[in-house]
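Q: Can you read through this structure? Questions will come right after.
The values are calculated or read from the model by the stated rules, or taken from the named source; none is laboratory data. Everything numeric in this text was worked out from a predicted model, so none of it was measured. Glycine gets a Cβ as well: all are built from the backbone with ideal geometry, and neighbour counts include every protein chain shown. Remember, those area values only see protein heavy atoms, side chains included, never the ligands or the DNA or RNA. Shrake-Rupley method; radii C 1.70, N 1.55, O 1.52, S 1.80 Å.
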Amino acid sequence: MKYFIVSDIHGAYDKLINALNEAGFNSETDTLVSVGDAFDRGTQNRKVLDYFLELPHKILLWGNHDARLYRLIEGFDYLNWCDDSNGTCLTIEELADTEYETYTGLNVLRARQTEYSKKIQEYFKLCRMAIEFPDMYVTHGWLPFTEDDQEYHIHLVPDWKHNPRADWYEALWSHTEHAIRDNAFPDKTLLVGHWHAFRIA
C-alpha cells in the first residue's frame, strides 16, 4: 500500500482527480491523506466531500477552513466578513443549494437542513489533527505552539502529543514561516499544508 498526500484542495475536485491520476493513485489499494482545507474557495465542494467519504482508504486531517466551517455548521459561531473573503459563504451556499447572500446566517440554517449536512458531519467525525509516521509528522499548519509576548518567537508546547491544553485550533491557523524561522521543529520531518506552503516551496 502506498500513501498519497494532498493538501488544500479547496473545493477543486477536477484538479484533485487529475493530479491523483497523473501520480498513479489507485483508490482500491492506496491510502489518500488529505492535509486539511478540503473546502472553500472552489466551486466543487460537494464533489470533494462525496469523493473523500467514498474512498475506502483515507486519512483526513483538519485544516483551518474545515475547522471554521465546522464551527459555523454546528452553530458555535456566526458568519463574518472573513468568511465572505475566504470563500466559506460560497461553500455554505453550495452545501445549502441556495442563492448567495454574502455573510448572512440564513444559508447556514439551510445548509443544516440538506442531505449534505449529515455528510459534512460524517466527514468531520473522521478528521484528526495530525498523523505520525515512523520518520514524519503530518499536520495542516503546525503543531501546538506558544509565542513569546515580547519577541514573537514560536516554541512547541512541551509534551504537545499528550498535553490536553495544547491549542490545536490555533495551530491550524499558525504562521508556518515563523515556526521555520525559529527552528520550532520536532524530532522528525514535519509535512504541512496551509497558505504559507507555496512560498516555502
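Q: Using a cut-off of 11 Å between beta-carbons, work out the net charge of the residues near residue 63 (Lys and Arg +1, Asp and Glu -1, residue 63 not included).
A: On the way: positive: 68; negative: 8, 37, 40, 66.
Computed value for this residue: -3.
Q: Step through the residues of the stretch 131-148 one at a time and calculate ³J(HN,Hα) from phi using the Karplus curve (6.51 cos²θ - 1.76 cosθ + 1.60, θ = phi - 60°), rounding each to whole Hz and writing x for Gly and Pro.
A: Each residue's phi maps through the Karplus curve to give 10, 10, 9, x, 10, 7, 9, 10, 7, 6, x, 6, 8, x, 9, 10, 10, 4 Hz.
Q: Further question on the same structure: Which percent of the accessible area of the stretch 1-94 is formed by carbon and sulfur heavy atoms (probe 1.4 angstrom)?
A: That fraction is 48 percent.
Q: Within the chain, what is the number of lysine pairs with alpha carbons under 26 Å apart, leaving out pairs fewer than eight places apart on the same chain?
A: 22
Q: Short version: what are the Cα gyration tensor semi-axes of the stretch 1-88, square root of 5 times each eigenvalue, largest first, in whole Å? Please report the intermediate quantities before stating the final value.
A: On the way: eigenvalues 135, 34, 19 Å².
Value: 26, 13, 10 Å, ordered largest first.
Q: With both bridge residues required to lie in the chain, what share of the DSSP beta bridges run antiparallel, to the nearest 5%? Walk me through the intermediate numbers first.
A: Numbers: 7 of 20 bridges.
Around 35 percent of the beta bridges assigned by DSSP in the chain are antiparallel ones.
Q: Return the ratio Rg/(2.2 N^0.38 Å) for the chain, where Rg is computed over Cα atoms only. All intermediate terms of the calculation are to be shown ahead of the outcome.
A: Values: Rg = 17.2 Å, N = 201, 2.2 N^0.38 = 16.5 Å.
Cα Rg divided by the expected 2.2 N^0.38 Å: 1.04.
Q: Using a Förster radius of 35 Å, what is the FRET efficiency between residue 1 and residue 80 based on their Cβ-Cβ separation? Nearest 0.05, please. Present the calculation step by step, with values, prior to reporting the outcome.
A: Details: r = 42 Å, r/R0 = 1.20.
FRET efficiency, residue 1 to residue 80: 0.25.
Q: What whole number of Å gives the distance from the Cα centroid of the stretch 132-180 to the Cα centroid of the stretch 49-66?
A: First find each Cα centre; the distance between them is then 22 Å.
Q: Moving on. Towards the positive end of the charge dipole of the chain, with charges on Cβ (+1 Lys, Arg; -1 Asp, Glu), say which of 174, 146, 116 has the farthest Cα.
A: Farthest towards the positive end: 116.
Q: Taking the convex hull of the alpha carbon atoms in the stretch 147-193, what volume per residue do you get, in Å³?
A: Details: hull volume 4.3 nm³, N = 47.
Spread over its residues, the Cα hull of the stretch 147-193 gives 91 Å³ apiece.
Q: Work out the charge dipole of the chain with +1 on the Cβ of Lys and Arg and -1 on the Cβ of Asp and Glu about the Cα centre, then indicate which of 49, 79, 69 is farthest towards its positive end.
A: Farthest towards the positive end: 49.
Q: Only Lys, Arg, Asp and Glu count, each charged at its Cβ (+1, +1, -1, -1), so figure out the dipole size of the chain about its Cα centre, rounded to 20 debye.
A: Numbers: 19 positive and 33 negative charges, 99 e Å.
Roughly 480 debye, rounded to the nearest 20.
Q: Here's a follow-up. As a test question: what accessible area, to the nearest 10 Å², does residue 76 have when a 1.4 Å probe is rolled over all protein chains in place?
A: Ignoring ligands and nucleic acids, residue 76 comes out at about 120 Å².
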